[in-house]
Amino acid sequence: MMKKTLITVLTGCSIMALAKNTPTPEKTYDTERIFHADEQAEKMNDTEAILAVIDTYIEGLRTGRVDLLKKCFHKDATMYGYSVENKITEGSVDHLYDLIAKHGALAKVTSKNSVLHQTSNTASVLAELKTTALHENSTDYLSLMKINGEWKIISKVYHLSYAN
């Protein structure tokens, strides 16, 4: 019995000595993950800013306020698209300003907006507009750039379709 106890004690001591000499792994931090968390927070702020620009664009259409539209678009923005008759419109965003000034507010327009992709200074947004006219909807693809810290729509590609 004494031998068995001695062997058990010696075995326990050996295990404790080995455990003491085994180096404890250092605590490491995944700096890549931490960096991306900060980047994600900034991206969220940018996403909110991008969507605010799109909301202002929709509000400009809804209220017929060309001044709001001009806040959203870069001064040299372009616009290309197809009418319901499959007729192409191309050129400056001034065409949109002229249409709104001539025909007025799109009072019943609603929109579902999705940021399709974004980087730190570019973004692509899908705006699905309903009731842009009595029986028309519009699918708008909007390209934005962050210029001098401010998000601006630099191009609009759209397709008008009859509402179902």
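Points to keep in mind about this one:
- With protein chains left intact and a 1.4 Å probe, residues in the range 54-164 average 57 Å² of accessible area per residue.
- Heavy-atom SASA rank of H159, H74, H103 (probe 1.4 Å, accessible area, largest first): H103, H159, H74
- Tail beyond 19 Å, pair distance distribution of the range 76-127 (Cα, percent): 50 percent
- Carbon plus sulfur fraction of accessible area for the range 62-164, probe 1.4 Å, in percent: 52 percent
The values are calculated or read from the model by the stated rules, or taken from the named source; none is laboratory data. What you see is a predicted model; the values in this text were computed from it and never measured. Ligands, DNA and RNA are stripped out before the accessible areas are found, and what is left, the full protein with its side chains, is counted by its heavy atoms. Shrake-Rupley method; radii C 1.70, N 1.55, O 1.52, S 1.80 Å.
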